[in-house]
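Here's the structure we're looking at; comments come further down.
The values are calculated or read from the model by the stated rules, or taken from the named source; none is laboratory data. Nothing here was measured: the structure is a model prediction, and the numbers come from that model. Cβ atoms come from the backbone with ideal geometry, glycine included; neighbour counts cover every protein chain shown. Protein only, heavy atoms only, side chains kept; ligands, DNA and RNA dropped before computing areas. Shrake-Rupley method; radii C 1.70, N 1.55, O 1.52, S 1.80 Å.
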Amino acid sequence: MTESQPKPQTVADDKKVHGVVAEFTDVDSLLAACRRVRDAGYTKADAFTPFPVHGIDTALGIKPTVLPWISLAAGLTGTTIALLMQISLNGQTDLFEEIQYPYIISGKPFISLPAFIPVTFELTILLASFGTFFGMWALNGLPKFSNPMFTSPRFDRATDDTFFLFLDAKDSRFDEAGAKALLGELGGEYVEPVMEDDSSKVIPKGLLIALATVICLSSIPALAVLRMRVTKSGSPRFHIFPDMDFSPSKDAQQTTTLFADGRAMRPDVPGTVRRGEMDWDLNFKTGIDMDELASIDAPRAAQLVAMQSDVAVDDEDEVAPEEAADEEATAEEPAVEEKAAEEDAAEETEPAAAAETADNTPWLTENPLELSDEALARGQQQFNIYCSVCHGMNGRGNGLVNRRAQKILATTWTPPSNMHDPTLYSDVYPDGKLFSTITNGVRKMPGYASQIKAKDRWAIVAYVRALQASQDATLEDVPESQRSGVEKEQAEVQAKLKAAAEAEAAKAAEAANAE
């Protein structure tokens with residue numbers, strides 16, 4: 001049999017009793033009183049302290065809040081919405097047949113969870129924050145414009161030096177006289193009833209007018225922005241940060257007047273060596289046989305040595321006249337990497353001129369990197385990250401960026417090279433030259449020296465050579481233990497191609513009969 005909840009008690013002035021509150025002077029007596037109240041069966045009790053008191057929730061029997069579960073549910077909702085939104089807009093699946101916004105991000109597939117992380121993270125945090133904020137309001141019964149506790153003038157000391165224990169009249173065990181007696185026995189120094197606040201609930205007209213005025217004024221900036229979006233003006237746009245709007249940004253392989261040498265791509269600082277790069281010689285870092293280059297083109301060799309050297313000259317007056325002359329001659333020539341890149345571009349765009357001006361650079365003909373399965377796997381990984389976006393996963397120049405450029409008919413786009421072109425094979429295009437192209441760039445392709453380590457660049461060269469060799473491979477080149485799998489896969493592909501051809505033929509026949 002359950003106890004019925006008693007009606008709120010009344011006093012002589014016909015005010016309803018909201019509850020009973022008692023004052024305590026120290027934390028220990030408050031905690032002891034909270035435990036006694038909990039053991040007495042009160043479930044609607046609360047304590048007010050001027051500072052947080054450890055263990056008071058347990059003493060009052062307050063259950064853990066469900067707010068963390070609300071935040072978790074809201075965050076998971078944000079994660080789900082973000083993933084579904086991006087997959088539906090950026091990727092083609094069985095659920096969503098059309099790609100509405102085919103964004104190409106670093107050569108990744110249209111459905112790429114790593115690329116979806118930023119939006120997913122932001123929406124998860126946003127909805128979790130909203131869930132926490134509004135969940136806290138709902139659980140605390142907010143907004144609450146009036147609290148009957150504030151009708152007691154002694155309650156102001158709750159923020160100073162006094163502790164209060166409150167028993168709510170809505171509790172099923174509440175009785176005004178019994179509550180006062182219980183709190184008195186527990187050491188409450190001052191016990192008094194708390195009356196319901198019967199003050200007017202009408203919002204003052206002045207406050208309503210002020211609120212309406214603020215809302216009207218806050219709409220002015222929004223209206224101004226909307227007006228600017230639908231009208232035209234002959235005045236220049238106002239730039240809050242002009243240095244950001246007019247920054248002289250340049251792409252790789254472009255010229256600029258910002259620097260004295262006219263180059264937008266800044267070379268490495270002379271006399272500096274990247275950490276971990278001291279283990280390799282100049283041949284490994286440049287793709288050039290430096291001894292042979294020194295014998296046929298000493299200034300270029302000296303410049304390369306100077307750029308890679310860790311010895312800096314502090315006093316220009318101490319330089320010998322011969323060395324100063326060499327340095328002056330070297331300074332007048334472009335960097336060997338840029339020169340090599342220009343020669344590569346000339347070979348592609350002006351065959352006749354390239355034939356007349358032969359490349360006498362002694363490129364390395366063999367990869368100095370020790371070839372292994374690990375090196376080829378590393379080269380494949382780096383190629384797929386940096387190169388496949390333009391050259392394609394198979395190296396035929398059919399990457400996502402190139403296909404996008406062809407789709408939009410980009411007039412300034414230079415198609416990437418087909419790595420299976422015979423002119424790029426090792427007997428015509430040495431490994432060192434391919435390494436230099438990856439390092440310094442050519443035409444629209446920027447240099448990747450600052451992004452890819454020298455060892456990984458050589459690994460990419462090895463993987464490209466493996467791709468080229470795979471085009472002329474036969475079944476006899478496959479290990480015997482793997483031939484059966486290759487033959488089975490080949491048969492499946494041929495069967496699919498045959499079925500597709502028959503389906504196209506049947507479709508064409510139906511169209512002809514319909515006509």
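Against the globular-protein guess of 2.2 N^0.38 Å, express the Cα radius of gyration of region 179-238 as a ratio, rounded to two decimals. Display every interim value, and only then the final one.
Details: Rg = 28.0 Å, N = 60, 2.2 N^0.38 = 10.4 Å.
Compactness ratio reported: 2.68.
Long-range amide H contacts for Arg263: which residues qualify at under 5 Å (H placed 1.01 Å from N, peptide plane, sequence gap of 5 or more or a different chain)?
Thr256
How much FRET efficiency would the formula 1/(1 + (r/R0)^6) give for Trp69 and Ser470, where r is the Cβ-Cβ distance and R0 is 51 Å, rounded to 0.05? Walk me through the numbers on the way to the answer.
On the way: r = 55 Å, r/R0 = 1.07.
Result of the calculation: an efficiency of 0.40.
Taking only protein heavy atoms and a 1.4 Å probe, what accessible area per residue, in Å², does region 390-515 have with all protein chains in place?
62 Å²
When ranked by the protection proxy of mean other Cβ atoms within 10 Å per residue, highest first, what sequence do the peptides 460-469, 182-191, 290-299, 477-486 form? Kindly include the intermediate steps, with their values, before the conclusion.
Details: 460-469: 20.0, 182-191: 17.1, 290-299: 15.1, 477-486: 9.9.
Averaged packing, sorted descending, gives the order 460-469, 182-191, 290-299, 477-486.
I'd like the distance separating the alpha-carbon centroids of region 159-236 and region 71-87, in whole Å.
33 Å
For Val214 and Lys16, what does the FRET efficiency come to when R0 = 51 Å and r is the distance between their Cβ atoms, rounded to the nearest 0.05? It would help to have the intermediate numbers written out before the result.
Numbers: r = 36 Å, r/R0 = 0.70.
Calculated transfer efficiency: 0.90.
Give or take rounding to whole Å, what are the principal axis extents of the alpha carbon atoms in region 360-515, in descending order?
If we take the Cα atoms of region 360-515, the spans are 65, 49, 27 Å.
Could you tell me what percent of the accessible area of region 428-515 is made up of carbon and sulfur, with a 1.4 Å probe and every protein chain present? Don't skip to the end; give the middle numbers.
Details: 2850 of 5360 Å².
Within region 428-515, the accessible surface is 53 percent carbon and sulfur.
Return one whole number: the accessible area per residue of region 149-230 in Å², for a 1.4 Å probe.
On the way: 5670 Å² over 82 residues.
That works out to 69 Å² for each residue.
How large is the translational diffusion coefficient of region 420-460 in µm² per second when you combine the Kirkwood radius over alpha carbon pairs with Stokes-Einstein at 10 °C and 1.306 mPa s?
Values: Rh = 10.6 Å.
For these conditions, the coefficient is 149 µm²/s.
Say a paramagnetic label sat at a point 7 Å from the Cα of Ser450, along Cα to Cβ; which residues of region 236-262 have their backbone N under 19 Å from it?
244, 247-262
For region 499-515, just list the computed ³J(HN,Hα) in residue order, Karplus coefficients 6.51, -1.76 and 1.60, θ = phi - 60°, integers in Hz, with x standing in for Gly and Pro.
5, 5, 5, 5, 5, 5, 5, 5, 5, 5, 5, 4, 5, 5, 5, 5, 6
Using the basic label-point model (7 angstrom from Cα toward the beta carbon), what is the Ala252 to Leu139 distance in nanometres?
About 5.2 nm separates the two model spin labels.
Once label points are set 7 Å from the Cα along Cα→Cβ at both Asp39 and Val202, what is their separation, rounded to one decimal in nm?
5.2 nm
If I take R0 = 25 Å and measure r between the Cβ atoms of Ile62 and Ser29 in this structure, what FRET efficiency does the formula 1/(1 + (r/R0)^6) give, to the nearest 0.05? Before the final figure, lay out each step's value.
Working: r = 19 Å, r/R0 = 0.76.
E(calc), rounded to 0.05, equals 0.85.
Taking the simple approach of a point 7 Å from Cα along Cα-to-Cβ for both Thr77 and Ala491, what is their distance in nm?
For the pair Thr77/Ala491, the computed spacing is 5.5 nm.
Can you compute 3J(HN,Hα) from phi for each residue in region 125-135, using the Karplus curve 6.51 cos²θ - 1.76 cosθ + 1.60 with θ = phi - 60°, rounded to whole Hz and x for Gly and Pro?
5, 4, 5, 5, 5, 4, x, 5, 5, 6, x
Going highest first, how would you order 222-234, 16-28 by mean Cβ packing within 10 Å?
So the order, starting with the most tightly packed, is 16-28, 222-234.
State the extension gain, in nm to one decimal, for the chain segment bounded by Asp46 and Thr411, taking 0.36 nm per residue of separation less the distance between their alpha-carbons. Working shown, then result.
Details: separation 365, 0.36 × 365 = 131.40 nm, distance 7.40 nm.
Length gained between Asp46 and Thr411: 124.0 nm.
Going toward the positive end of the dipole of region 380-515, with +1 on Lys and Arg Cβ and -1 on Asp and Glu Cβ, which of Ala499, Gln468, Gln382 do you reach last?
It is Gln382.
Which order do the peptides 404-415, 240-251, 447-458 come out in when sorted by mean C-beta neighbours inside 10 angstrom, highest first? Display every interim value, and only then the final one.
Working: 404-415: 11.4, 240-251: 8.8, 447-458: 19.5.
Sorting 404-415, 240-251, 447-458 by mean packing, highest first, produces 447-458, 404-415, 240-251.
Which ³J(HN,Hα) values in Hz, rounded to whole numbers, follow from the phi angles of region 443-457 under the Karplus curve 6.51 cos²θ - 1.76 cosθ + 1.60, where θ = phi - 60° and Gly and Pro get x?
6, 6, 7, x, x, 10, 4, 7, 10, 10, 5, 4, 4, 6, 5
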